[in-house]
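Each remark here refers to the structure printed beneath this line.
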Amino acid sequence: MEGNATRIAHLSDVHMLDARPGRARSGLSMGHRFLSLGRPLDAAGRRRKLAHALSTARRVGATHVVVSGDLTEIGAPGELECLAETLHDSGIAPGRVTLVPGNHDLYTSPEGWRRALEGPLAAFRATSAGRAGHVVEVAGVNVLPLDVARHQPVTRSAGWLDDADLDVLAARAADPGLATQPLLVVQHHPPFVRKTQPLQWLDGLVGAARFMEVLEAFRHVFVLHGHLHAAVSKVLSCGVARVFGATAVVDDEDAARVRLYDVRGGVLEAAGLAS
Ligand SMILES: [Fe+2]
């Protein structure tokens, strides 16, 4: 990376369990077993993967780190505390980290995210998803963290952007003061309408169609998302990739991957995966 360029490190889908001594097995619920189907409930391993990904972000000189949701498996207080400990242990200044919640983070309580920002994640509050339309200024880019998560049964995994959220998003996208450099919307769900109506209901983002209209209208707006547990680079009609999804920290071996982007000439460009 060139001297003063901006580099963003994108992690997603950590699915943290409570890995603190004596907590790991006793705190597991039926919800954990349902939601972790096919993935080992290895609390220490998940914590190790996040620690590794954060140290990679430091090593590659990330200006700012974003974590695009499903930070925890069920949003249990112990999981959020363990997440906070691991983030603090990384040595990355909290002001250089943006967190947004995913559907998993709201399975325990509708208040889970708000309480976390007032409690264990308080140091990250100023740079994370909370107040609608809040923009985090980073050298070379503006970051707009969005909370699309709502409390729902563990059998559903949808995301929500209601009209008021979309009005705020459209106003930020249209703000000339924010148009001179890339505006990175960080949210858990991808902004696509799913292929079938049942799938859209079950796992899609309510408001996705209107969000795509905003994206098509404002070419300095980019989206960094998670949820799909896969690297995604989606080219929009202007011919430039502006929607990027990251792989899941939980799905990787110990050397969990981090997706990187560099800002060049006012454009955010994917710069590969590091581990
Ligand atoms: Fe996930």
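Key figures for this structure:
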item	result
Sequence-distant residues sharing a close amide H with D70 (under 5 Å, placed H)	G102, N103, H104, D105
Pairwise Cα inverse-distance average, inverted: Kirkwood Rh of the chain (Å)	18.4 Å
Computed Kirkwood radius, in angstrom, where 1/r is averaged over Cα pairs of the range 195-275	14.2 Å
Fraction of beta bridges assigned by DSSP in the chain that are antiparallel (%, nearest 5)	45 percent
Rounded, prolate or oblate (a/c below 1.5 giving rounded, otherwise prolate when a/b exceeds b/c) for the range 228-275 by Cα gyration tensor	oblate
The range 164-196 versus the range 239-273: alpha-carbon centroid distance in Å	18 Å
Stokes-Einstein translational diffusion, the range 106-221 - Kirkwood Rh over all Cα pairs, 0.890 mPa s, 25 °C, in µm²/s	162 µm²/s
Kirkwood hydrodynamic radius of the range 149-211, Cα pairs, Å	13.0 Å
Under 5 Å, built H, 5+ apart or other chain: amide partners of V232	G245, A246
Qualifying GluC sites (Glu not before Pro) for the range 177-271 [loop in DSSP, other Cβ within 10 Å: at most 13]	E253
Pair A171, A126: separation of 7 Å Cα→Cβ label points (nm)	2.4 nm
Charge context of A241, other residues only, Cβ under 11 angstrom, K/R +1, D/E -1	+1
Size of the range 1-108 as Cα extents on the principal axes (Å, biggest first)	50, 26, 24
Neighbourhood net charge (13 Å Cβ-Cβ; Lys/Arg +1, Asp/Glu -1) for V136	+3
In order through the range 223-237: 3J(HN,Hα) via Karplus (6.51 cos²θ - 1.76 cosθ + 1.60), integer Hz, x for Gly, Pro	10, 10, 10, x, 6, 7, 6, 8, 6, 10, 9, 10, 7, 9, 5
Amide H contacts of G159 (H built 1.01 Å from N, under 5 Å, at least 5 apart or other chain)	G204, L205, V206
Inter-label distance for E216 and M30, nm, one decimal - labels placed 7 Å from Cα along Cα-to-Cβ	4.5 nm
Relative contact order of the range 6-274, defined on C-alpha pairs under 8 angstrom at six or more residues apart (%)	22 percent
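Values in this text are rule-based calculations from the coordinates and carry no lab data. Small disclaimer: the values here were computed from a predicted structure and weren't measured. Positions of Cβ are generated from backbone atoms using ideal geometry, with glycine treated the same way; all protein chains shown enter the neighbour counts.
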